[in-house]
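Written below as structure tokens is the structure these notes are about.
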Amino acid sequence: MPPWPFDMHGNVEEMCKDYWVAGYYDNSPTADPPGAVPSDKKSQRVARGGSFLEAPFLCRSASRNPLDPTLGNVQVGFRVLFEIPLTAD
């Protein structure tokens, strides 16, 4: 099985640890951008992907939106991943 997750579209947006700065992704590296530097301690975070409550064109893994991490939201969650060690048969 490939080492990347599947089924990344729809359901809920994923809360990320990256800080939101408007226009950051327009000028950042395309491969593994390091994330923006917050302008203050109340900065918004990045919500990645779309949710079941949004328009279909926003339900893609490349979609990014600002999110206040102190507020609850039914369409935002987080993704838990773990690695299963492969054993030689």
query = Does R48 satisfy the condition of being basic (K, R) and loosely packed, with under 15 Cβ neighbours inside 10 Å?
reply = no
inquiry  = Conditions first: (1) of a type in the set (D, E); (2) modelled with pLDDT under 80; (3) over 13 Å from the mean Cα position of the chain (by Cα). D68 passes all but one, so which condition is the exception?
reply    = (2)
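The values are calculated or read from the model by the stated rules, or taken from the named source; none is laboratory data. This structure is a prediction, so every number in the text was calculated from the model and none was measured. For neighbour counting, all protein chains shown are included, and Cβ atoms are generated from backbone atoms with ideal geometry for every residue, glycine included.
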